[in-house]
Ligand SMILES: C[S@@+](CC[C@H](N)C(=O)[O-])C[C@H]1O[C@@H](n2cnc3c(N)ncnc32)[C@H](O)[C@@H]1O
């Protein structure tokens with residue numbers, strides 16, 4: 001229940017983030033006991049590179065506190081959307097915070113909105129969508145994969161988010177989003193292999209006042225088909241962007257400095273001493289950054305469009 | 001929530017005026033005009049009409065580019081109407097561009113415009129008098145018509161302002177006015193600050209027309225419990241883009257706007273001591289914070305504070321994205337602060353001393369900060385951010401994120417090094433983004449020719465015990 005509003009202390013049943021380093025974080029559920037491989041209830045011990053953590057010891061700890069591992073320490077944090085995305089169990093490809101940020105921003109989400117999402121996948125985006133529209137908004141999220149639907153459903157309940165979200169198993173390309181959602185949504189998000197097959201269904205689900213539709217696709221052919229459909233369905237302001245986040249590693253760099261000026265004239269004893277007796281010399285220490293040698297060069301294209309209100313649509 | 005009929009334009013509202021791909025922010029007054037490119041539009045007809053209404057620009061008097069607005073449902077499309085009736089060439093082998101293909105002179109064209117001819121008539125004439133149009137390929141004819149359509153388009157649509165639209169207007173017009181906050185950077189700033197409907201958030205902004213605070217207040221939402229403390233370094237906060245969102249009173253009241261020096265001094269020294277030290281007993285209505293030094297390269301802002309000019313009578317926000325416009329239309333915040341200053345000066349000095357609003361809000365913010373730690377902190381600084389983050393971290397809760405934006409990398413690098421030494425800051429990361437948009441058309445999909453490389457830098461981290 002640690003996803004709905006900030007809290008000070010870790011309680012049993014919370015999902016927490018164990019922070020060891022930016023590239024070494026884990027999410028774990030605070031349950032004192034767990035089932036082992038043989039199905040027997042045993043003490044819940046979490047293994048990290050710095051040794052073991054007795055999970056029960058987290059209960060009552062302050063969020064943000066340092067906790068001991070058997071060979072080091074870690075920090076226990078309350079999950080934010082971003083931390084959850086970085087640590088969640090992957091059941092599919094997921095969308096990460098840089099793209100999520102643009103998606104939430106471009107869909108112009110605010111508390112109270114009704115949003116449709118498909119497919120649910122691993123629920124990475126779903127958590128961020130819920131965060132943006134709670135407390136009085138609602139997310140309807142669809143996936144045709146039975147297990148992903150049921151795991152997502154359990155996850156939302158565990159996280160205390162079930163009031164804000166409905167998960168449903170459905171092939172949205174074949175059967176749309178259901179009659180109950182017609183005229184209900186003010187934002188619709190698509191992340192599935194054939195987004196263009198859902199546009200007609202999606203269009204029906206928008207409110208009379210229209211709204212924003214966003215589609216995330218790795219391939220440009222998917223984007224082309226989707227844009228064509230969007231245009232003929234009466235969407236306007238259709239835009240496609242891609243955004244890559246580049247991490248810069250701050251570091252000290254010490255660079256040698258050549259001294260060439262002094263070569264122009266004969267040495268006096270003075271400048272010989274300055275340079276430690278050498279003719280060239282000197283080091284400069286700089287704060288600078290290094291760029292990643294290898295990094296994701298592509299995640300997906302974000303296509304975003306506006307559906308005008310009824311009566312102002314061109315089709 | 002917002003169904004169609006509820007959203008009617010009222011005097012005092014801000015609206016976005018859209019003419020094709022061009023958008024402009026406008027404050028609705030009873031008899032206001034709007035300058036759109038070189039065209040003057042009388043805006044009063046939009047009052048009482050719903051958002052999303054489209055109007056045709058009707059020339060009012062011949063000889064001047066002054067228009068009234070007529071509500072319309074139909075929008076004539078030049079490209080569709082004109083193109084279908086004309087033949088076209090197969091390729092461009094016979095096109096010679098010697099600058100003489102258009103036989104109408106510039107004066108002729110201006111004449112047509114001033115005679116109040118419709119855009120269809122004008123462009124029809126242009127095509128008639130073009131030696132090369134009929135030889136152009138269908139594709140380049142369409143491109144030509146699109147270009148002409150843009151120039152002569154006579155329809156506007158009134159839109160409700162959104163963060164996306166107003167950011168876009170300002171970023172295109174004068175990105176420095178909003179601290180060069182590019183759309184993706186602003187989006188990430190919002191994500192990393194953790195802002196949502198629940199909790200207390202703090203934002204320091206040294207001058208971006210109020211865009212970051214406005215975007216955060218939008219995320220906090222209407223009818224929720226979320227609160228925002230909006231800190232600024234100057235005498236008068238920049239709030240244009242907060243006002244531009246037409247937030248309901250209830251939502252605006254959950255944002256406290258305070259001067260950062262006053263806030264910190266009052267927090268540590270108490271109200272009495274604070275008023276003593278700063279020598280402005282509660283009778284003074286203006287805030288004369290003695291340590292304001294705006295070390296910024298934003299000359300616009302410094303100018304605004306230092307040289308008040310006569311405010312314009314017309315309350316209008318001018319945000320231009322078209323190059324033909326002159327830059328004198330651009331002053332927005334200047335107008336606001338000047339207007340306020342004059343009002344303060346005009347106030348009779350013998351009025352009974354009343355607690356000024358800034359003092360009440362500062363006290364309120366201090367009271368909140370004494371009992372509650374913030375759930376997220378965002379800093380958008382033109383100054384060096386190190387002292388700002390050091391000053392504000394004590395008010396952030398542990399296990400909560402902070403994010404700092406700067407348009408240059410070096411100040412964030414230095415801040416990174418300094419914060420890295422502390423044992424209570426983790427997950428420090430420095431980012432820059434690459435953003436590019438694409439033209440998606442059948443057989444003609446490619447990245448857009450122009451992109452923006454002014455995304456700035458973000459430093460992100462968490463406070464711990
Ligand atoms: C890449 S995943 C989505 C990941 C998700 N956005 C996240 O961030 O965790 C795509 C999902 O779409 C689902 N899917 C594919 N085709 C579908 C269809 N026609 N109807 C419903 N779901 C579909 C798949 O089962 C898969 O889980």
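The values are calculated or read from the model by the stated rules, or taken from the named source; none is laboratory data. Computed from a prediction, not measured in an experiment: that's the story for all the values here. We place every Cβ from the backbone using ideal geometry, glycine too, and count neighbours over all the protein chains shown.
Going by what's in this entry, would residue A:223 be described as in contact with a helix residue (DSSP H, G or I) (Cβ under 7 Å, 6 or more places away or on another chain), within 16 Å of the ligand (Cβ to nearest atom) and at pLDDT 95 or above?
No; evaluated as a whole, the condition is false for this residue.
In the range A:114-126, which residues are more than 9 Å from the ligand (Cβ to nearest atom) and crowded, with 24+ Cβ neighbours inside 10 Å?
A:115, A:116
Give the number of residues within the range B:224-247 that are under 18 Å from the mean Cα position of the chain (by Cα), assigned to a loop (DSSP other than H, G, I, E, B) and at pLDDT 95 or above.
The total comes to 4.
Name, by its number, the condition in (1) surrounded by fewer than 20 Cβ atoms within 10 Å (Cβ to Cβ); (2) more than 14 Å from chain B (Cβ to nearest Cβ); (3) assigned to a strand (DSSP E or B) that does not hold for residue A:13.
(3)
Would you be able to tell me the number of residues in the range B:420-460 that are closer than 23 Å to residue B:185 by Cβ, in contact with a helix residue (DSSP H, G or I) (Cβ under 8 Å, 6 or more places away or on another chain) and surrounded by fewer than 12 Cβ atoms within 10 Å (Cβ to Cβ)?
So the answer is 0.
Quick one: is residue A:170 more than 14 Å from the ligand (Cβ to nearest atom) and over 20 Å from the mean Cα position of the chain (by Cα)?
The answer is no for residue A:170.
Failed condition for residue A:134, given (1) out of contact with any strand residue (DSSP E or B) (no Cβ under 7 Å at 6 or more places or on another chain); (2) at negative phi; (3) within 14 Å of the ligand (Cβ to nearest atom), with all others met?
(3)
Is it true that residue A:27 is within 16 Å of the ligand (Cβ to nearest atom), touching a helix residue (DSSP H, G or I) at 6+ places or on another chain (Cβ under 8 Å) and more than 25 Å from residue A:192 (Cα to Cα)?
yes
Those residues that are away from the ligand (no atom under 12 Å from the Cβ) and away from chain B (no Cβ under 14 Å), I need them from the range A:176-190; list them, please.
A:178, A:179, A:180, A:181, A:182, A:188
To keep it simple, each residue is scored yes or no on (1) farther than 28 Å from residue B:164 by Cβ; (2) part of a strand (DSSP E or B); (3) within 14 Å of another protein chain (Cβ to nearest Cβ).
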| site | (1), (2), (3) |
| --- | --- |
| B:48 | no, no, no |
| B:58 | yes, yes, no |
| B:63 | yes, no, no |
| B:67 | no, yes, no |
| B:96 | yes, no, no |
| B:100 | yes, no, no |
| B:108 | yes, no, no |
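Can you confirm whether residue B:147 is buried (at least 18 other Cβ atoms within 10 Å of the Cβ) and out of contact with any helix residue (DSSP H, G or I) (no Cβ under 6 Å at 6 or more places or on another chain)?
Criteria not met by residue B:147.
Are any residues in the range A:148-158 touching a residue at least 40 places away in the same chain (Cβ under 8 Å) and within 14 Å of the ligand (Cβ to nearest atom), and if so, which ones?
A:148, A:151
Please determine, by comparing only the residues of the range A:47-92 that are in contact with a helix residue (DSSP H, G or I) (Cβ under 9 Å, 6 or more places away or on another chain) and surrounded by fewer than 16 Cβ atoms within 10 Å (Cβ to Cβ), which one is nearest to the other protein chains (Cβ to nearest Cβ).
Across the range A:47-92, the extreme among qualifying residues is A:68.
Hey, could you check the range A:191-212 for residues that are away from the ligand (no atom under 15 Å from the Cβ) and away from chain B (no Cβ under 14 Å) and say which is nearest to residue A:232 (Cα to Cα)?
Selected residue: A:203.
Can you tell me which residue in the range B:185-223 is surrounded by the fewest Cβ atoms within 10 Å (Cβ to Cβ), limited to those that are within 8 Å of chain A (Cβ to nearest Cβ) and outside any helix (DSSP H, G or I)?
Here the answer is B:223.
More than 30 Å from residue A:4 (Cβ to Cβ), surrounded by 18 or more Cβ atoms within 10 Å (Cβ to Cβ), assigned by TED's automatic domain parsing to the domain that holds residue B:377 and at pLDDT 80 or above: does that describe residue B:171?
It is true that residue B:171 is more than 30 Å from residue A:4 (Cβ to Cβ), surrounded by 18 or more Cβ atoms within 10 Å (Cβ to Cβ), assigned by TED's automatic domain parsing to the domain that holds residue B:377 and at pLDDT 80 or above.
Return a yes/no flag: does the range B:127-138 have any residue that is modelled with pLDDT under 75 and surrounded by 14 or more Cβ atoms within 10 Å (Cβ to Cβ).
no
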